[in-house]
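The values are calculated or read from the model by the stated rules, or taken from the named source; none is laboratory data. Keep in mind that what you see is a predicted model, and the values were worked out from it rather than measured. Cβ: placed from backbone, ideal geometry, glycine included. Neighbour counts: every protein chain shown. Remember, those area values only see protein heavy atoms, side chains included, never the ligands or the DNA or RNA. Shrake-Rupley method; radii C 1.70, N 1.55, O 1.52, S 1.80 Å.
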Amino acid sequence: MATECIAQVTFRFEPNGKPVVAAFDVEHASSDGGAILLKGIDTQLGLTKRVAACLADGRQPGKVRHQTLELLRQRVFGLACGYADCNDAARLADDAIHKLLVERDPIAGAALASQPTLSRFENAVGPRELLAMGHVLADTVIGHHRRRLKGRATRITIDFDPTDDPTHGQQELTFFNGHYDTWCYLPVVATVTFDAEAEQYAVAAVLRPGNAPASRGARGLLRRLLGKLRAAFPTATLRVRLDGGFATPALFAFLEAQPVEYLVAMASNGRLEKRARRLMGRARMLSRTSGRTEHLYGETRYAARKWPRKRRVIIKAEVVRHPGRAPKNNPRFVVTNLPDAPETVYRIYCQRGDMENRLKELHHGLELDRTSCSRFLANQFRGLLTLAAYVLFQELQRRAQGTACADAQVTTLRERLLKLAVWVERSVRRIVLHLPMTFPWLRTWRQLARAVGATT
């Protein structure tokens with residue numbers, strides 16, 4: 001019977017073929033050799049060092065084996081490499097590359113922290129430290145792009161999007177949410193976009209109870225981001241795009257007091273549908289003639305009962321047709337202070353749809369929803385660690401423009417560039433990473449390595 005102590009296994013693929021032996025006999029090797037690219041980005045941004053400085057360490061100094069910075073880096077780089085749980089620590093304790101990522105000697109360095117140590121670390125963080133971490137993450141992203149753009153952005157767009165984080169245990173502040181039909185948290189993620197660039201850069205992630213309305217905490221988070229962006233880009237026009245869950249009188253009043261450009265979706269109601277009736281009729285006639293989905297754009301001045309005045313509302317009158325189905329009316333409404341033509345305004349609003357891809361990357365690429373701790377604050381800490389890992393990946397994505405990985409998202413970047421076999425050798429003067437002489441993405445990897453600070 002095979003046991004873990006057996007150092008090799010043998011395959012026989014053909015009756016007369018040579019046996020193929022897989023021998024587990026290479027010391028100081030790793031399957032995450034490419035993660036050194038993220039380490040280069042972290043060094044340039046100073047991200048983990050700045051975030052770790054927010055955390056107080058109440059442990060007795062003489063008994064500390066794993067410094068706060070090492071613990072934080074272990075979790076952030078572990079998340080980036082696909083190890084979302086503290087339980088993965090046992091499998092990575094002696095991994096040479098993961099030691100190197102936390103700046104321990106990859107050969108002679110002590111083993112990395114265990115699962116109990118990491119769990120205590122996550123559960124020791126308090127609200128003030130979490131607030132400071134949120135500020136540092138936003139400052140790091142905004143400051144980096146200020147330097148990249150030399151402070152010359154014309155327009156900066158802020159997008160918010162809530163998402164569901166299903167829970168499966170006794171986590172604090174988890175509630176059943178009828179919209180998502182599950183027990184969950186409702187985190188909100190904020191991104192910024194500079195001028196006409198396609199990429200939305202994540203700057204904040206705030207965990208909220210499962211029964212929180214979409215607008216909870218939005219004004220406070222917006223106020224902080226607007227202040228930081230105005231300080232970094234004093235001449236830029238700021239624009240805010242939000243979905244219908246944020247359309248509250250208090251938020252509109254806040255946006256107009258700033259002031260900023262805004263586009264906020266609004267749920268349909270009887271009064272708005274009445275205003276859109278004539279436009280919908282024209283859209284139905286067009287659709288009946290063409291046999292295809294058709295849409296027209298218009299506008300109205302509208303005030304809900306709790307609004308102090310009327311605001312401009314863009315109307316999208318759409319008739320949707322699918323083969324074998326009856327035509328379906330689909331009116332949509334966006335409240336805005338932009339002066340542009342209705343169709344232009346609606347197209348600007350629709351550009352926020354790419355936020356779905358950011359959320360997919362956070363969920364499926366970095367497991368933002370792995371909030372397994374019982375304490376709410378510990379789960380918020382996990383969310384911020386995930387955001388830190390995503391910041392590193394987004395910078396890697398930006399540096400990959402012009403390469404074979406230009407359009408790759410987190411999971412693809414990990415598979416192509418990070419999951420790379422390596423044998424680590426150390427001498428008195430240097431540490432050598434022996435990587436494969438040939439692998440599909442070698443040229444891209446070398447190009448990115450130079451972009452994040454490596455020399456040839």
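For the structure I just gave you, tell me whether THR48 is open to solvent by 20 Å² or more (accessible area, probe 1.4 Å), of a type in the set (Ser, Thr, Tyr), at pLDDT 95 or above and not in a loop (DSSP other than H, G, I, E, B). Full working, then the answer.
Numbers: open to solvent by 20 Å² or more (accessible area, probe 1.4 Å): no; of a type in the set (Ser, Thr, Tyr): yes; at pLDDT 95 or above: yes; not in a loop (DSSP other than H, G, I, E, B): yes.
Spelling it out, it is not the case that THR48 is open to solvent by 20 Å² or more (accessible area, probe 1.4 Å), of a type in the set (Ser, Thr, Tyr), at pLDDT 95 or above and not in a loop (DSSP other than H, G, I, E, B).
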When the residues of region 62-88 are narrowed to those that are in contact with a helix residue (DSSP H, G or I) (Cβ under 9 Å, 6 or more places away or on another chain) and part of a loop (DSSP other than H, G, I, E, B), which ends up surrounded by the most Cβ atoms within 10 Å (Cβ to Cβ)?
CYS81
Return yes or no: is GLY227 touching a strand residue (DSSP E or B) at 6+ places or on another chain (Cβ under 7 Å) and either of a type in the set (Asp, Glu) or open to solvent by 10 Å² or more (accessible area, probe 1.4 Å) (or both)?
no
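For ILE97, indicate whether it is touching a Pro at 6+ places or on another chain (Cβ under 9 Å), open to solvent by less than 10 Å² (accessible area, probe 1.4 Å), modelled with pLDDT of 95 or more and β-branched (Val, Ile, Thr).
On the way: touching a Pro at 6+ places or on another chain (Cβ under 9 Å): yes; open to solvent by less than 10 Å² (accessible area, probe 1.4 Å): yes; modelled with pLDDT of 95 or more: yes; β-branched (Val, Ile, Thr): yes.
The answer is yes for ILE97.
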Selected residue (criterion: farthest from ARG73 (Cα to Cα)) from residues of region 102-133 that are in a loop (DSSP other than H, G, I, E, B) and not aliphatic (A, V, I, L, M):
GLY126
Taking into account only those residues within region 352-403 that are modelled with pLDDT under 95 and of a type in the set (S, T, N, Q), which is farthest from LEU131 (Cα to Cα)?
THR403
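Tally up the residues in region 28-45 that are among the hydroxyl-bearing types (Ser, Thr, Tyr) and not in a helix (DSSP H, G or I), please. Talk me through it step by step, then tell me what you get.
To start, the set of residues in region 28-45 that are among the hydroxyl-bearing types (Ser, Thr, Tyr) comprises 30-31, 43.
Of the ones still in play, those that are also not in a helix (DSSP H, G or I) are 30-31.
Matching residues across region 28-45 total 2.
Checking the structure you have, find out if any residue of region 153-162 is closer than 21 Å to THR48 by Cβ and open to solvent by 70 Å² or more (accessible area, probe 1.4 Å). Spell out the reasoning first.
Initial filter on region 153-162 (closer than 21 Å to THR48 by Cβ): none.
Checked against the condition, which is being closer than 21 Å to THR48 by Cβ and open to solvent by 70 Å² or more (accessible area, probe 1.4 Å), region 153-162 yields no hits at all.
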Filtering helices (runs of 4 or more DSSP H) wholly in region 239-346 for at least 2 residues that are within 18 Å of ASP159 (Cα to Cα) gives 249-257
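Check whether at least one residue in region 26-40 is open to solvent by 80 Å² or more (accessible area, probe 1.4 Å), among the aliphatic types (A, V, I, L, M) and either touching a strand residue (DSSP E or B) at 6+ places or on another chain (Cβ under 9 Å) or closer than 22 Å to LYS419 by Cβ (or both), and report yes or no. Write out each step before concluding.
To start, the set of residues in region 26-40 that are open to solvent by 80 Å² or more (accessible area, probe 1.4 Å) comprises 26-27.
Applying the additional criterion that residues be among the aliphatic types (A, V, I, L, M) yields 26.
Then drop every residue that is not either touching a strand residue (DSSP E or B) at 6+ places or on another chain (Cβ under 9 Å) or closer than 22 Å to LYS419 by Cβ (or both), which leaves 26.
Yes; the residues of region 26-40 include at least one that is open to solvent by 80 Å² or more (accessible area, probe 1.4 Å), among the aliphatic types (A, V, I, L, M) and either touching a strand residue (DSSP E or B) at 6+ places or on another chain (Cβ under 9 Å) or closer than 22 Å to LYS419 by Cβ (or both).
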Looking at (1) surrounded by 20 or more Cβ atoms within 10 Å (Cβ to Cβ); (2) of a type in the set (A, V, I, L, M, F, W, C); (3) assigned to a loop (DSSP other than H, G, I, E, B), can you tell me which one ALA404 breaks?
(1)
Examine region 107-129 for a residue that is over 30 Å from VAL424 (Cβ atoms), β-branched (Val, Ile, Thr) and out of contact with any Pro (no Cβ under 6 Å at 6 or more places or on another chain), and state whether such a residue exists.
yes
Residue list for region 156-183, restricted to those being assigned to a strand (DSSP E or B) and either among the β-branched types (Val, Ile, Thr) or closer than 21 Å to ASN357 by Cβ (or both)
ILE156, THR157, ILE158, ASP159, PHE160, ASP161, PRO162, ASP165, PRO166, THR182
List the residue pairs whose Cβ atoms are under 6 Å apart, where the first residue sits in region 363-387 and is under 17 Å from HIS168 (Cα atoms) and open to solvent by 10 Å² or more (accessible area, probe 1.4 Å), the second is among the hydroxyl-bearing types (Ser, Thr, Tyr) and part of a helix (DSSP H, G or I), and the two are 6 or more positions apart or on different chains.
LEU368/THR386
Any idea which of ARG416, ARG443, ARG450, ARG430 is more than 30 Å from GLU199 (Cβ to Cβ) and either acidic (Asp, Glu) or open to solvent by 50 Å² or more (accessible area, probe 1.4 Å) (or both)?
ARG430
Could you please find all residues in region 140-151 being at pLDDT 95 or above and open to solvent by less than 60 Å² (accessible area, probe 1.4 Å)?
THR140, VAL141, ILE142, GLY143, HIS144, HIS145, LEU149
Filter region 188-206 for residues that are open to solvent by 20 Å² or more (accessible area, probe 1.4 Å) and of a type in the set (A, V, I, L, M, F, W, C); the one that is nearest to THR174 (Cα to Cα) is VAL206
Which condition number does ALA190 fail, the rest of (1) without any contact (Cβ under 8 Å) to a residue 60 or more places away in the chain; (2) assigned to a loop (DSSP other than H, G, I, E, B); (3) of a type in the set (Gly, Ala, Ser) being met?
(2)
Just to check your reading of the model, which residue among ARG104, ARG59, ARG91 is open to solvent by 20 Å² or more (accessible area, probe 1.4 Å), within 19 Å of GLU425 (Cβ to Cβ) and basic (Lys, Arg)?
ARG104
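Could you check region 298-327 and list, in sequence order, the residues that are open to solvent by less than 50 Å² (accessible area, probe 1.4 Å) and either farther than 19 Å from TYR349 by Cβ or not charged (D, E, K, R) (or both)?
Initial filter on region 298-327 (open to solvent by less than 50 Å² (accessible area, probe 1.4 Å)): 298, 300, 302-304, 307, 311-320.
Hits for region 298-327 are GLY298, THR300, TYR302, ALA303, ALA304, TRP307, VAL313, ILE314, ILE315, ALA317, VAL319, VAL320.
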Exactly one condition in (1) open to solvent by 50 Å² or more (accessible area, probe 1.4 Å); (2) of a type in the set (Phe, Trp, Tyr); (3) touching a residue at least 40 places away in the same chain (Cβ under 8 Å) is false for TRP183; which is it?
(3)
